[in-house]
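The values are calculated or read from the model by the stated rules, or taken from the named source; none is laboratory data. Here the structure is a predicted model, which is why all the values come from computation and not from measurement. Positions of Cβ are backbone-derived with ideal geometry, glycine not excepted, and every protein chain shown enters the neighbour counts. Calculation scope for accessible area: heavy atoms of the full protein, side chains included, ligands and nucleic acids excluded. Shrake-Rupley method; radii C 1.70, N 1.55, O 1.52, S 1.80 Å.
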Amino acid sequence: MSGTEEGARGGWRAVLAVVWRRKVVTASLAILLLMAFLAVFADWVSPHSPTAIRAARRLRPPSTVNWFGTDEYGRDLFTRVILGGRTSLLIGALTVLFSCFFGTILGMIGGYFRRVDMLVNRVIDAMMAFPDILLAITLISVLRPSASSVVVALGIVYTPRVARVARASTLVVRELAFIDAARVLGVPTWRILLSHVLPNISSPLIVQGTFIYAYAILAEAGLSYLGAGVSPEIPTWGGIINAGQQYIGRAPWLMWFPGLFIAVSVFSLQLAGDALRDVMDPRLRREAS
Amino acid sequence: MKSYLGKRFVGMVAVMFMVATVTFVVIRVIPGDPAALMLGPEATAVDIEALRSRLGLDLSLATQYLTFLSDLLRGDLGNSIFLGGRPVLRILADRAEPTVCLTLIAIVVAMAVGIPSGIISASRRGSLADQATVSVAMGLASAPSFWLGLAFMQFFSVRLGWFPTSGYGDPGAEFLERMRHLALPGLVLGLVNSALITRFTRTTLLDILSDDYIRTARAKGLGEWPVIMRHAFRNALVPILTVVGLTLALLLGGAVVTETVFNIPGVGNLVVSSVLRRDYPVIGGSLLVIAGVYVLVNLAVDLAYLLIDPRVKY
């Protein structure tokens, strides 16, 4: 077993140990897993159809039959909220993958190659000057609204945030002796970046990815609320709140449940991100444990 | 000092140039044919061609880019396609007041909530008050602003009747009446964004409270509050100011959603309606102006360090 693998295993053990010790973090991860489970197995978990319209049962409050009540078309809100979770959590996860992939490449190029660093840095600065939701909504309008456009738009919006972290970490790692040694031994640059730089900058990137997951869920909800996200036929947390806001006086549960699901999932992700940062940052590790 | 200002100015111009380039790419290059996209699927080829010619889209991309930059330098952000062909800059100027006032109210709320709660939290580290403050701050940062806005509107406006439910007052309404309409949205936007200030104030103060000069201050018998306010907080001001600047920039984005929830006729509302109408000149102009304000706020924060910390010299 290589030293890197041993280190990685030790690192993950430390993460798991801290997660177990901090009960709040354990609880938040359990909530996230439960939400993911509900989202994946929504069709089996709920006996109701998310699209079946029953005019006679419209705007019913929460009951043993309809746990979260029903919406303006008599559809079961619990089913729609957990299906909304499927859309929101999936879009969030794909946004993280998109932004981490391109952000890491951009950041490593900026951090490793001094000649292009100035350009990369200016691009990052310029992209970060646009408010998240404003740039996302504009990109979606030019890409035409769809779930994949939301992923691409949010991915582009969050790529500079990953790139900034990747660039800063690469700037530190590239000055270390083992990188010089690899260069002297004639290891190709792409291999130095992939095998030596990337594993050593992965910790801050994982932490940043966790926070971006939280921001992406909030941003997706905002876009769906504004009617600029995925198609209104697909249930999303933001879309359900948008549709339910005109019944806020008569049926406040239409707003409470999807909003609570957004807030709890974002809260849990932020807690998980904080815990990961504490464990992965050597300065904070002692305090965390 | 002069050389720093010069460097900072050059950096700002470079970022603004990149901002303009990104805007050009987003509204002119990615859509393929912006004219067809703006007019929708039912437009005839003649209509599309006429709009392409009017917007200069029939020219090469390089020519369009140079024209875009030269217009920008002259302060010409183009004309709206749908709002009677009015100049974008004029439209933005007309919509600026509610957005600027909303942002200012929100930043005052965010600071008034964030800084004291961060101080209390840091001064009682590990206590119930500390844990409650951190949890509430994280909860506020996790709640979608539109959701909190709707909840506040339902409770404070509809049920208690303390605030108007939406809008910006009748045309020609008194300034105070207009501000009354912005009070609740400003409170919501400020509360949601206070979380960052709370957490940052707490972390910065905790760092400073472990410094030697704080131990010295305590050793000479100074009370805990004078230690925190006179020694720790004053030294935490620079990092706190940085995060206040960042929050101000975040508020510009937050205003887009909040203005829509409360139906405030500001720049955010304009952007959302322009996106739904695909009025690209207005979208592009708004992006440029808001990003420009963000860059200027960052510069102002850097320069403000000089005023609040005599040790900072550029």
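What to note about this one:
- Criterion: in contact (Cβ under 8 Å) with a residue 12 or more places away in the chain, farther than 21 Å from A:Ala219 by Cβ, open to solvent by 20 Å² or more (accessible area, probe 1.4 Å) and not polar (S, T, N, Q) - qualifying residue of A:Arg58, A:Arg86: A:Arg58
- Any chance B:Gly84 is open to solvent by less than 70 Å² (accessible area, probe 1.4 Å) and away from chain A (no Cβ under 14 Å): no
- Counting only residues that are touching a residue at least 40 places away in the same chain (Cβ under 8 Å) and either surrounded by 19 or more Cβ atoms within 10 Å (Cβ to Cβ) or within 14 Å of chain B (Cβ to nearest Cβ) (or both), the range A:99-123 holds 13 of them.
- Answer from A:Ile206, A:Ile201, A:Ile217 - the residue that is modelled with pLDDT of 95 or more and either in a helix (DSSP H, G or I) or within 14 Å of A:Arg161 (Cβ to Cβ) (or both): A:Ile217
- Unique match (being more than 30 Å from A:Trp237 (Cβ to Cβ), touching a Gly at 6+ places or on another chain (Cβ under 8 Å) and among the β-branched types (Val, Ile, Thr)) among A:Thr159, A:Thr189, A:Thr170, A:Thr210: A:Thr170
- Filtering the range A:245-259 to residues that are part of a helix (DSSP H, G or I) and more than 9 Å from every other protein chain (Cβ to nearest Cβ) leaves A:Gln246, A:Tyr247, A:Trp253, A:Leu254, A:Phe257.
- Evaluating A:Val96 against the criteria (1) away from chain B (no Cβ under 14 Å); (2) under 30 Å from A:Ile248 (Cβ atoms); (3) open to solvent by less than 40 Å² (accessible area, probe 1.4 Å); (4) out of contact with any Asp or Glu (no Cβ under 8 Å at 6 or more places or on another chain) leaves one unmet condition, (2).
- Test: residue in the range A:210-224 that is open to solvent by 10 Å² or more (accessible area, probe 1.4 Å) and more than 19 Å from the chain's Cα centre (by Cα): no
- Restricting attention to the range A:9-45, the residues being modelled with pLDDT under 80 and either open to solvent by less than 50 Å² (accessible area, probe 1.4 Å) or more than 27 Å from A:Met280 (Cβ to Cβ) (or both) number 8.
- Residues considered: B:Phe82, B:Phe152. Of these, the only one that is touching a Leu at 6+ places or on another chain (Cβ under 9 Å) and aromatic (Phe, Trp, Tyr) is B:Phe152.
- Any hit, the range A:265-286, residues being basic (Lys, Arg), outside any helix (DSSP H, G or I) and surrounded by fewer than 22 Cβ atoms within 10 Å (Cβ to Cβ): no
- Tally of residues being of a type outside the set (A, V, I, L, M), facing chain B (nearest Cβ under 8 Å) and assigned to a helix (DSSP H, G or I) across the range A:124-157: 4
- Assessment of the range B:107-128 against the conditions (farther than 18 Å from B:Arg199 by Cβ, open to solvent by less than 70 Å² (accessible area, probe 1.4 Å) and not hydroxyl-bearing (Ser, Thr, Tyr)) yields no matching residue.
- Those residues of the range A:224-239 which are in contact with a Ser or Thr (Cβ under 9 Å, 6 or more places away or on another chain) and within 11 Å of chain B (Cβ to nearest Cβ), in sequence order: A:Ser224, A:Tyr225, A:Leu226, A:Ala228, A:Trp237, A:Gly238
- Here A:Ala181 meets the list (1) surrounded by fewer than 20 Cβ atoms within 10 Å (Cβ to Cβ); (2) part of a helix (DSSP H, G or I); (3) within 14 Å of another protein chain (Cβ to nearest Cβ) almost entirely, failing just condition (3).
- Selected residue [surrounded by fewer than 19 Cβ atoms within 10 Å (Cβ to Cβ), farther than 30 Å from A:Pro252 by Cβ and within 13 Å of another protein chain (Cβ to nearest Cβ)] from B:Ser210, B:Ser157, B:Ser166: B:Ser210
- Answer residue from the range B:87-99, given it is under 18 Å from B:Arg277 (Cβ atoms) and within 16 Å of the chain's Cα centre (by Cα) and is most open to solvent (accessible area, probe 1.4 Å) among those: B:Arg95
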